[in-house]
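**Q** So that we are looking at the same thing, I have put the structure below in structure tokens.
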Amino acid sequence: MQLPDTAAIVTGGASGLGEATARHFATQGAQVTLLDRDGERGARVADEIGGHFVQTDVTDEGSAAGAIAVALERMGKITACVNCAGIAIGMKTVGKDGPHGLEPFQQTLDINLVGSFNVSRLAASEMARNDSDPDGARGVIINTASIAAFDGQKGQAAYAASKGGIVGMTLPMARDLASSGIRVMAIAPGIFMTPMLAGLPEEVQQQLAADVPNPPRLGDPAEFGRMAGFIVEMGYLNGEVIRLDGALRMR
Ligand SMILES: NC(=O)c1ccc[n+]([C@@H]2O[C@H](COP(=O)([O-])OP(=O)(O)OC[C@H]3O[C@@H](n4cnc5c(N)ncnc54)[C@H](O)[C@@H]3O)[C@@H](O)[C@H]2O)c1
């Protein structure tokens, strides 16, 4: 599958890693539909890249199904689904104010894990109807994990659990969808310079960058976009999680 022939939906496409993915795909000639709950930014990015935008809450069944229907109508097919919508929270299991709230834990799992599965399952159902290429391929799903799935830090119980879920479902989804010619991959990014990170003080950013062995800097969202593009085009990659982190191991 080559990017110029790809019709992709990108969740979280209004910002950060999703936006960079949408920009890279569009630059390479792919059709792109952004799904994001941020209406203003989503519409702006879609306009800039010549793509489409549907305001979507990935956790909501009806909202995601409606967005996929619009994407199909606008692009004629969906051959790639990149899930980047997500949130990050920091909260200890027991903190100064008592036990971790259950609501923020559930919300983090709902957006990062359930939201990714919700969009993936609906997109896969449509991809299964695509004509296959000579290799039998009909589509590819790329979910966004995090290195926190493997080396989560203090305060990351909810976030790391949500990303561990992404890692855990990668292989069974790849197996489930193999007979339909749909691959399932995940990218586990290290620390990337997205709006989430740019809000931190300069010295904190420098400290984070200094912990990355090589190259000693934060990841560029464009590098995530290129990795997603590589996965689309590399048809033998399936059922695997790729760390993209400059060898960072969080302590
Ligand atoms: N930035 C990093 O260093 C980093 C590292 C590891 C993993 N990640 C993961 O990458 C993904 C993207 O992160 P980012 O840094 O680009 O964040 P970001 O905040 O820049 O972008 C996230 C986007 O998701 C959207 N979103 C949130 N909840 C949504 C919902 N319910 N429905 C639809 N859209 C929703 C937001 O509106 C936003 O546009 C997240 O899953 C994050 O956990 C990021």
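A short reminder: the numbers here are calculations on the coordinates, not readings from a lab. Everything quoted here is computed from the prediction, not taken from an experiment. No Cβ is skipped: glycine too gets one built from the backbone with ideal geometry, and neighbour counts run over all protein chains shown.
**Q** Answer rounded, prolate or oblate for the range 186-229, using the Cα gyration tensor with square roots of eigenvalues a ≥ b ≥ c: rounded when a/c is under 1.5, else prolate when a/b is larger than b/c, else oblate.
**A** oblate
**Q** What lysines could a cross-link reach from Lys96, if we take a straight Cα to Cα line under 20 Å and drop same-chain neighbours fewer than 8 places away?
**A** Lys154
**Q** Decide, for the range 3-89, between rounded, prolate and oblate: order the square roots of the alpha carbon gyration tensor eigenvalues as a ≥ b ≥ c, take rounded if a/c falls under 1.5, and otherwise choose prolate if a/b is larger than b/c, else oblate.
**A** Judged from the Cα gyration tensor, the range 3-89 comes out oblate (a/c at least 1.5, b/c at or above a/b).
**Q** Sticking with this one: Quick one: work out the % antiparallel among DSSP beta bridges in the chain, nearest 5.
**A** That works out to approximately 5 percent antiparallel.
**Q** Could you tell me what fraction of 2.2 N^0.38 Å the Cα radius of gyration of the chain comes to, as a two-decimal ratio?
**A** Taking N as the residue count of the chain, the ratio is 0.97.
**Q** Could you work out the helix-only [θ] at 222 nm for the chain, with each DSSP H run of four or more residues adding -39,500 (n - 2.57) and the total divided by the number of residues, to the nearest 500 deg cm²/dmol?
**A** Mean residue ellipticity at 222 nm (helix-derived): -13500 deg cm²/dmol.
**Q** I want to verify a result. In a Gaussian network model of the chain, Cα cutoff 10 Å, which of these has the top mean-square fluctuation: Val204, Val184, Val140?
**A** Looking only at Val204, Val184, Val140, the biggest GNM fluctuation is shown by Val204.
**Q** Sticking with this one: If you place +1 on the Cβ of every Lys and Arg and -1 on the Cβ of every Asp and Glu, how big does the dipole about the Cα centre of the chain come out, in debye to the nearest 20?
**A** Magnitude of the dipole: close to 500 debye.
**Q** Kindly write out, for the range 49-57 in residue order, the coupling ³J(HN,Hα) from the Karplus curve 6.51 cos²θ - 1.76 cosθ + 1.60 (θ = phi - 60°), rounded to whole Hz, with x marking Gly and Pro.
**A** 9, x, x, 10, 9, 10, 5, 9, 9
**Q** Once the Cα atoms of helix 115-127 and of the chain are each reduced to a long axis, what angle between those two axes, in degrees from 0 to 90 to the nearest 10, is obtained?
**A** So the helix axis and the longest Cα principal axis differ by about 10 degrees.
**Q** Using a Gaussian network model of the chain whose springs link C-alpha atoms within less than 10 Å, name the residue from Gln153, Gln31, Gln207 with the highest mean-square fluctuation.
**A** Highest fluctuation among the options: Gln207.
**Q** What lysines sit close enough to Lys77 to cross-link, taking a C-alpha to C-alpha distance under 30 Å and skipping anything fewer than 8 places away on the same chain?
**A** Lys163
**Q** Something else: When the chain is treated as a GNM, springs tying every alpha-carbon pair under 10 Å, which of Ala157, Ala198, Ala137 comes out with the largest mean-square fluctuation?
**A** Evaluated over the chain, the most mobile residue of the options is Ala198.
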